[in-house]
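Structure record follows, encoded as structure tokens.
The values are calculated or read from the model by the stated rules, or taken from the named source; none is laboratory data. Computed from a predicted structure; not experimentally measured. Positions of Cβ are generated from backbone atoms using ideal geometry, with glycine treated the same way; all protein chains shown enter the neighbour counts. In case anyone asks, the SASA skips ligands and DNA or RNA and just uses the protein heavy atoms, side chains included. Shrake-Rupley method; radii C 1.70, N 1.55, O 1.52, S 1.80 Å.
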Amino acid sequence: MRYQEYDLNHALGIRLADEIRLNGRTLPKGRELTAEDIEDLKFIGIRRIFGALMDKNDLAFQTALGIVAAKLCGENTEYCINDDGSAKIIAAVDGIFECSDDRVAKFNRVAEYFILNTIKVYHPVRKGEVVAQLYTNYPVLGQKQVDEVVYRLSGNVDMLRVSAVRSRKVGLLYTKLYQNKAEEKHFTKVVKRLIKEFGGQGLEFIREYSARHEVEEIADALELSFRDDNEILFIVPAQKTVCAEDVIPSALRSIADEIVSHEVPNVGASDLIIAHKRGKKIISLPYNYDEADGTLIHRYILQAVISEKLLSFDFSHPQNIFIPEGQELSEPEQERLVSGSAEPLKAGESRIAAVILAAGQSKRAGQNKLMAEVDGEPLFMKAVHAAVRSKASPVFVVTGYRHEELEETLEDLDVNIIYNPDFVSGIKTSIRLGVKSVPGFCSGVLLIPGDMPNITDSYLNKMIKAFGAGGKPQVLFSSLKGVKKNPVLWSKELYNKADIAPEDSDIRTVFMDVADYSKNVEVKNPQELLDVTFPNDIAELQKK
């Protein structure tokens, strides 16, 4: 594609950069100028025009929008392409709109030819309502530029989706301090607002619990509620939480698996706390919930309610430009509607995630080997590229040592970055973080050390293909002449045992324990399984 200003005498076949209104008709954006068009333009006094000359490998903007919109759209979404350079994405069912503000913001930073705006995340939507708009200024785009955008979106789940509203059983735990009528009145006001704002999201408030506003009493009440079939427990506190050592967070730490959000940046009601225990969600409401501006609080609570898993890195500050809510398609747009649902798995296929382990300090290498330059890029990016190009999805990268450098390098890719603050304690902490982050719809996870620069997407696909369907425990080892190597593919039934293959892998106890479930995937080229350990390994790579 070549954009420039053209003399109308030499503009035959040029694609218009923007629409031009003539007397009685309009030449739309992207139109390929005909001899008649040129005469009409001259007639109204136009002598020069800005546009693009389309090469054989270029795409009309409608085609480019369709390719990118299809990659963005997931469950219960549909899209249509308009002639003004936009694609509208709608909800195919009544439900909750889901996406990540951070991912949308990142898309807008790295996809320079496109703009994506959405409605507010976790907002209830009606069937047919517009949830997002994709736009391009360009009438013509290069195939290479569009392919690059699609590649950067790979390695993650679909960005936009609508989840159908489903019933969730909810309990309420009141922590009591004064035990008087004023306190009861306050509790009533809080619960009324809670039911008003979230009753329409399928929440069934079925049980109530109470405890003194003391750490042990609250912990005991939480344990009791976990034995019941509540999916979500709201804590209605008798007092505001002022710090992480306060009563409610202390009680949660003693019994919950993790506190994923300690507070929300909301003046007057910052003490929203979100945690989880064995897949159940615990949401401690701000003490002033009945009176506070609930915009951000509402979003955080919806996020906690709707999300399959609660992960601390998901509760980040919103970074998105929102489109108006309640829009619907016109009749002509409805006729151009395309289903945006992700392609279903074929018979015998399994959805496998990938975790790149890139948090280590590289002590034996004598330098930060993961950032050593190989073929013009950091060494660890070789494994990342292989995972993104493979059939693995989503892809996670666990960082730790000098994580800012690694994360800056990942800026252009739509992968999931997890920072491990405890990286000095060893690779097991990174494995646990990565495995915990894998969505429940994945049947297994590939654990790939970041120091494997020769690993290929074709070999990773070979491992994924070798993974059997049927929800049975499985461990697939990479194998070189029968010796267990990395990467290792673990089925979800064995996540609690997940590990990589060290030098003594054949005698590692955990691998002996799963011997009945194990299978080796032999590699043809031994160099594919090279792991960089010592300084001379890096030097040899850089010579090539």
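Brief remarks follow.
- Taking the range 1-95 and the strands (runs of 3 or more DSSP E) fully enclosed by it, the elements with 2 or more residues that are of a type outside the set (S, T, Y) and more than 33 Å from the chain's Cα centre (by Cα) are at 2-7, 48-53.
- Pairing each residue of the range 101-126 that is part of a strand (DSSP E or B) with any residue that is aromatic (F, W, Y) and at pLDDT 90 or above, provided the two are 6+ apart or on different chains, yields C-beta distances under 6 Å for I115/Y135; L116/F107; V125/F97.
- Scanning the range 183-232 for residues that are outside any helix (DSSP H, G or I) and open to solvent by 50 Å² or more (accessible area, probe 1.4 Å) yields a total of 10.
- Within the range 385-409, being free of Cβ contacts under 8 Å to residues at least 40 places away in the same chain and in contact with a strand residue (DSSP E or B) (Cβ under 6 Å, 6 or more places away or on another chain) holds for E407, T409.
- The helices (runs of 4 or more DSSP H) found wholly in the range 362-462 and carrying at least 2 residues that are farther than 30 Å from P473 by Cβ and open to solvent by 60 Å² or more (accessible area, probe 1.4 Å) occupy 403-409.
- The condition (being surrounded by fewer than 21 Cβ atoms within 10 Å (Cβ to Cβ), within 24 Å of E148 (Cβ to Cβ) and either charged (D, E, K, R) or out of contact with any Asp or Glu (no Cβ under 8 Å at 6 or more places or on another chain) (or both)) is satisfied by just one residue among A87, A69, A105, A35: A105.
- Among the residues making up the range 468-483, those that are in a loop (DSSP other than H, G, I, E, B) and touching an Asp or Glu at 6+ places or on another chain (Cβ under 9 Å) are A469, G471, K472, P473, Q474, K481, G482.
- Filtering the range 463-482 to residues that are touching a helix residue (DSSP H, G or I) at 6+ places or on another chain (Cβ under 7 Å) and of a type in the set (A, V, I, L, M, F, W, C) leaves V475, L476, L480.
- Residues within the range 135-172 that are among the aliphatic types (A, V, I, L, M), surrounded by 17 or more Cβ atoms within 10 Å (Cβ to Cβ) and in a strand (DSSP E or B), tallied: 6
- Hey, F97 farther than 25 Å from I301 by Cα, touching a residue at least 40 places away in the same chain (Cβ under 8 Å) and open to solvent by less than 10 Å² (accessible area, probe 1.4 Å) or not: no
- Conditions (1) surrounded by fewer than 17 Cβ atoms within 10 Å (Cβ to Cβ); (2) modelled with pLDDT of 85 or more; (3) of a type in the set (V, I, T): number failed by V521: (1)
- For the range 271-293, filtering for residues that are open to solvent by less than 10 Å² (accessible area, probe 1.4 Å) and out of contact with any Ser or Thr (no Cβ under 6 Å at 6 or more places or on another chain) leaves 8.
- Residue in the range 18-34 that is among the charged types (D, E, K, R) and under 30 Å from R161 (Cβ atoms) present: yes
- Of all residues in the range 287-310, those being assigned to a loop (DSSP other than H, G, I, E, B) and modelled with pLDDT under 85 number 2.
- Yes/no for I81 being of a type in the set (V, I, T), touching a strand residue (DSSP E or B) at 6+ places or on another chain (Cβ under 6 Å) and over 21 Å from V131 (Cβ atoms): no
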